[in-house]
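Everything on this sheet refers to the single structure shown next.
The values are calculated or read from the model by the stated rules, or taken from the named source; none is laboratory data. Computed from a predicted structure; not experimentally measured. Here the Cβ is made from the backbone with ideal geometry for all residues, glycine too, and neighbour counts use every protein chain on show. Surface areas here come from the heavy atoms of the whole protein model, side chains and all, with no ligands, DNA or RNA. Shrake-Rupley method; radii C 1.70, N 1.55, O 1.52, S 1.80 Å.
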Amino acid sequence: MSLNGLNILALVPARGGSKGVPRKNLRKVGGHSLIARAAQIAKALDWIDAAIISTDDPEMAEEGRKHGLDAPFMRPAYLSTDTALSIDVWKHAWLASEEHYGKRFNVSIKL
């Protein structure tokens, strides 16, 4: 279901190589991983047309799938470094999602 005719993409970024808190996106907080919590929010927003996880880590991709996120691609290594810019990760995910789903998105939100 679109919102006002707009196609909306929800993006959950989850890099495997976090150094501050290693593997933080898989850690449980109140019994749920951070990925699961983001997926719950995406499910609650019925105006989101697609909810994806952008990751370089197969375990995180699987955690996303387990909770209802799509993982249609793996994030390239050059976008998974400590110095990769969020805007570049977002742009890659948006364009790869448009290719995967075969449609244009008008809006993207980060969860």
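Exactly one residue among Ala36, Ala44, Ala84 is surrounded by 16 or more Cβ atoms within 10 Å (Cβ to Cβ) and more than 14 Å from Gly16 (Cα to Cα), and that residue is Ala36.
As a summary of the residue check, Asp49 satisfies the conditions (1) modelled with pLDDT of 95 or more; (2) open to solvent by 70 Å² or more (accessible area, probe 1.4 Å); (3) of a type in the set (D, E, K, R) except for the one numbered (2).
Entry remark, the range 58-81: residues being open to solvent by 70 Å² or more (accessible area, probe 1.4 Å) and either closer than 19 Å to Ile41 by Cβ or of a type outside the set (A, V, I, L, M) (or both) number 6 in total. If you check every pair at least six apart or on different chains, which have Cβ atoms under 6 Å apart with a residue in the range 1-21 that is more than 17 Å from Ser33 (Cα to Cα) first and a residue that is of a type in the set (S, T, N, Q) second? So the pair list comes out as Leu6/Asn106; Asn7/Asn106; Leu9/Ser97; Leu9/Ser108.
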